[in-house]
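Asker: So that we are looking at the same thing, I have put the structure below in structure tokens.
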Amino acid sequence: MKKKGFTLIELLAVIVILAIIALIATPIVLNLINKAREGAAKASATSYIKAVETYMITSELDGGSEKLESGESYDVADLNDLVELKGTMPDSGEITIDDKRNVTSASLVISGYLVNYDGNDYTVAGRSNDVYAESIEITKPADTVIKGETLQLTANITPNSVTNNTITWKSSDEKIATVDSTGKVTGQGLGTVKITAKSVNGKSASVDIKVNDYLVNVVEKGDYVAYDAGEWDEATEKPKTQGDFGGNAANVNKGNSVSWCYKDSYTTSLKGWRVLETNTSTKTVTLVHAGQPECYYHGENKSESKTKLDERAANEYMNDYAESAHAMTYEEAYAITDSTSSTSETLRKTGDYYWLATANSDSNYSLWNVGSDGYIDYNYNRSLGFRPVIELKANMLTSGQTTDKVGNKDAWTIVAQD
């Protein structure tokens, strides 16, 4: 019986099947080949970096003339003649060495592949004929962000024709601020953090971002606040200049005692400010002067003295950051001390008397005052101190705690809202 060959249709079918197999198999084979080459490039990069670190140590020990300086970056063209390597040398690239003679980062072109090293891991970023970043610049709409809020950063890559414009973002301290893959920074805690943007070929740029918070969110009653109240004029015994956050000299220590101050005297020994009250609804913080009280002579006109006490507080302590300023009232003092207890720690026990800007309705002449023992009483025809009370505006921020100008440790700073 005569054998028959393939029909035309059968031949076409076989050709189609072979073509399909080729289409499926070729990418797989090529990918396997590429992976093998990438693996070889990474292995060569690993060996090269170890060879550089070995050279750093041996050249230091034998006193070689070609020592590599710690904390520097080097072009591989300057290193290839120095290191000994059994394997493929990089064609180009750069490495950075820390002060412990370790390679902390590298970007190497080996056998046509770009291999990056970040101090821990090796990654193949692409082929050597790709267009890579030459530089990165970070733009930011502001230098600060409020805790819990966000700030969008943008990384601008040069040139614009880069093959892979992927950027890796990193925060130096995620307890202060985090950054996502798009460059969006979220404030997490008070302080300053460094945000870094890095391209696939290891080019990077960094910016510092400060995280603030609303003062009212972090302070508690009795906390110190670094309220800068200006500079005192010794000749006139009045404020000479207005500080950043006040109108009187919180950092001046005048030695006169309130117990023998006299009419119209401005003797004082100001020692800082403490939190009297916080209001989360209005986001305001009220401060009371917590050092030796300023001096004021009250005669017999209680209405006039009350007005003058408030006027002095306003004239000397009001500025763009204060919502209001007045002399401490009976109600404010009673909230922290009563007739059977000593002055609370919020006011500090200085052993001084001070007036309250509240008239005693049962007396023709008297103003209420707080005695040296903390008891509330009333007096007239005397020179006593008075304590200014300042309500800061709601937009006050803080960048954390520091030592203020009068030596109060852990005093909260004040930052004005932009």
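Asker: Looking at 106, 155, 142, which one is within 19 Å of residue 194 (Cβ to Cβ), modelled with pLDDT of 85 or more and assigned to a strand (DSSP E or B)? Let's see the steps before the verdict.
Answerer: On the way: 106 fails: within 19 Å of residue 194 (Cβ to Cβ); 142 fails: assigned to a strand (DSSP E or B).
When all the criteria are applied, what remains is 155.
Asker: Answer with yes or no whether residue 355 is modelled with pLDDT of 85 or more and open to solvent by 40 Å² or more (accessible area, probe 1.4 Å).
Answerer: Numbers: modelled with pLDDT of 85 or more: yes; open to solvent by 40 Å² or more (accessible area, probe 1.4 Å): no.
The answer is no for residue 355.
Asker: Report the residue count in the range 300-324 for those that are in a loop (DSSP other than H, G, I, E, B), acidic (Asp, Glu) and modelled with pLDDT under 85.
Answerer: Here the count works out to 1.
Asker: Within the range 302-335, track down each residue that is in contact (Cβ under 8 Å) with a residue 60 or more places away in the chain, more than 35 Å from the chain's Cα centre (by Cα) and farther than 23 Å from residue 375 by Cα.
Answerer: Correct list: 312 only.
Asker: Hey, can you tell me all the residues within the range 88-112 that are closer than 13 Å to residue 73 by Cα and among the small types (Gly, Ala, Ser)?
Answerer: Across the range 88-112, the qualifying residues are 93, 105, 106, 107.
Yes or no, residue by residue, for (1) of a type in the set (Val, Ile, Thr); (2) touching a Lys or Arg at 6+ places or on another chain (Cβ under 7 Å); (3) at pLDDT 70 or above:
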residue	(1), (2), (3)
292	no, yes, no
298	no, yes, yes
326	no, no, yes
331	no, no, yes
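Results for (1) at pLDDT 60 or above; (2) under 35 Å from the mean Cα position of the chain (by Cα); (3) farther than 18 Å from residue 372 by Cβ, shown as yes or no for each residue.
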site	(1), (2), (3)
238	no, no, yes
242	no, yes, yes
274	yes, yes, yes
278	yes, yes, yes
282	yes, yes, yes
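Asker: For the range 178-191, does any single residue satisfy the condition of being in contact (Cβ under 8 Å) with a residue 60 or more places away in the chain, within 17 Å of residue 401 (Cα to Cα) and within 15 Å of the chain's Cα centre (by Cα)?
Answerer: Yes: the range 178-191 contains one or more residues that are in contact (Cβ under 8 Å) with a residue 60 or more places away in the chain, within 17 Å of residue 401 (Cα to Cα) and within 15 Å of the chain's Cα centre (by Cα).
Asker: Report the residue count in the range 62-101 for those that are among the charged types (D, E, K, R) and at pLDDT 80 or above.
Answerer: 7
Asker: Hey, another quick one. Restricting attention to the range 165-194, which residues are out of contact with any Ser or Thr (no Cβ under 6 Å at 6 or more places or on another chain), outside any loop (DSSP other than H, G, I, E, B) and more than 19 Å from residue 205 (Cβ to Cβ)?
Answerer: The answer is 187, 191.
Asker: Ok, one more. Kindly indicate which of 377, 338 is open to solvent by 10 Å² or more (accessible area, probe 1.4 Å), charged (D, E, K, R), at pLDDT 80 or above and over 40 Å from the mean Cα position of the chain (by Cα).
Answerer: Working: 338 fails: at pLDDT 80 or above.
Just one listed residue meets the conditions, 377.
Asker: If I filter the range 31-61 down to residues being surrounded by 16 or more Cβ atoms within 10 Å (Cβ to Cβ) and farther than 22 Å from residue 202 by Cα, which single residue comes out as modelled with the highest pLDDT?
Answerer: 55
Asker: Return the residues of the range 120-139 that are among the small types (Gly, Ala, Ser) and at pLDDT 85 or above; say none if nothing qualifies.
Answerer: Answer for the range 120-139, where residues must be among the small types (Gly, Ala, Ser) and at pLDDT 85 or above: just 135.
Asker: So, in the range 193-227, of the ones that are among the basic types (Lys, Arg) and closer than 21 Å to residue 119 by Cβ, which residue ends up most open to solvent (accessible area, probe 1.4 Å)?
Answerer: Residues of the range 193-227 that are among the basic types (Lys, Arg), as a first pass: 194, 198, 203, 210, 221.
Now drop any that are not closer than 21 Å to residue 119 by Cβ, which leaves 194, 198, 203.
Details: 194: 93, 198: 70, 203: 75 Å².
Only one residue tops the list, namely 194.
The values are calculated or read from the model by the stated rules, or taken from the named source; none is laboratory data. Note that the structure is predicted; figures quoted are calculated from it, not measured. Every residue, glycine as well, gets a Cβ built from its backbone with ideal geometry; the counts of neighbours run over all protein chains shown. To get the accessible areas, we keep the full protein, side chains included, count just its heavy atoms, and leave off ligands, DNA and RNA. Shrake-Rupley method; radii C 1.70, N 1.55, O 1.52, S 1.80 Å.
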